[in-house]
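To start, I am sharing the structure in question, which I have written as structure tokens.
What follows is calculated from the coordinates using simple rules that are stated; it is not laboratory data. Computed from a prediction, not measured in an experiment: that's the story for all the values here. Ideal geometry is used to build each Cβ from the backbone, glycine not excepted, and the neighbour counts take in all protein chains shown.
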Amino acid sequence: MQLPVLTRKRRFAALLAVLAAVFGTLGVALASDHQDSPNVELNPLQDLTDVYAFPSPTAGRIVLVMNTRAFLTPAQTATAAFDHNQLYQFKIDNNGDAREDKVIQISFSGSGASQTVQVRGPIAPPVAGAMGNQLASSSPVVSGAINSNLSANDLQVFAGPRDDSFFIDLEQFFRIIPDRKPATGALGALPNTPTASGFRSAATAQNYVRGFNVLSIVVELPVAQLTAGGTAKLGIWGTISR
């Protein structure tokens, strides 16, 4: 499954909901994290913007999406690549204790458009916890070139640039949370009106991320591979670490 990529003739993509549980009981969590700290502003390759999980159109399967590298312009997208020094992980809790029981590990080799992606899992985490970033010793179950559809061992994988599916009216956001407002520039000149009454109507809201891409990692697999040994309710999050 692929999400649309942004070209100079922009294509519109609707915002995807973040699902914290799949099938059975559904719980919805909404959040986003675009360059929200000095560390990721200085190291944009470490910026994890969003994690999505939703049922696949194919019954019994789940789609996981991790987006990184926010605010890529169409010109930057042509040469954008994942960080081969980072370990990208989907972490899955399937027994309700808020600790990962399974992980899907994604790593990259090479640079630019010639990069290759390697996917391991779902497996038990080699090291559990927020700082657990040890690459599993097992061989990848899927590997191949980025920007292509890959399929093996009942997994489908895509890694590459896609349109940023998040929607935010950033100007209005800074009006209700002015302490996050830039000190300079056009957004810095906004009046401090910390009230929701300043919101634009839905018909006139401005999507600040329109015109930008992200780098996406998309994995589709049988949901039974994640729920095995646990319950039908899943907690899913993502990490990027060295």
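Which value in nm describes the separation of the simple spin-label points at Asn149 and Ala75, placed 7 Å from the Cα toward the beta carbon?
Roughly 3.3 nm, to one decimal.
Here's another thing I want to ask about it. Pulled fully out, how much extra length does the chain show between Ser109 and Phe173, if you take 0.36 nm times their separation in residues and subtract their Cα-Cα distance? Walk me through the numbers on the way to the answer.
Working: separation 64, 0.36 × 64 = 23.04 nm, distance 3.79 nm.
Between Ser109 and Phe173, full extension yields 19.2 nm more.
Using the basic label-point model (7 angstrom from Cα toward the beta carbon), what is the Ser137 to Ser241 distance in nanometres?
2.0
Whole Å is fine, so just give me how far the alpha carbon centre of region 205-242 lies from that of region 74-115.
Taking the Cα centre of region 74-115 as reference, the centre of region 205-242 is 10 Å away.
Next up: Within 10 Å, count the other beta carbons around each residue, average over each peptide in 153-160, 167-174, 202-209, and list them highest first. If you can, show how the numbers build up before the last one.
Numbers: 153-160: 19.6, 167-174: 16.6, 202-209: 12.5.
Taking the mean over residues of other Cβ atoms within 10 Å, the ranking is 153-160, 167-174, 202-209.
Which far-off residues, 5 or more places away or on another chain, put their amide H under 5 Å from the one on Gly238, with H placed in the peptide plane?
The list, which skips near neighbours in sequence, is Lys91.
Sticking with this structure for a sec: What is the sum of charges, Lys and Arg at +1 and Asp and Glu at -1, for the other residues whose Cβ falls under 12 Å from the Cβ of Ala124? Display every interim value, and only then the final one.
Working: positive: Lys91, Arg99, Lys102, Arg120; negative: Glu100, Asp101.
Summing Lys and Arg as +1 and Asp and Glu as -1 gives +2.
Multiply the residue gap between Ala224 and Ala205 by 0.36 nm, knock off their C-alpha separation, and tell me the result in nm, one decimal place. Don't jump to the answer; show the numbers that get you there.
Working: separation 19, 0.36 × 19 = 6.84 nm, distance 4.00 nm.
Length gained between Ala224 and Ala205: 2.8 nm.
Peptides 61-74, 117-130: what's the order by average Cβ count within 10 Å, highest mean first? Spell out each step's value before the answer.
Working: 61-74: 21.6, 117-130: 17.6.
Those peptides, ordered most packed to least, come out 61-74, 117-130.
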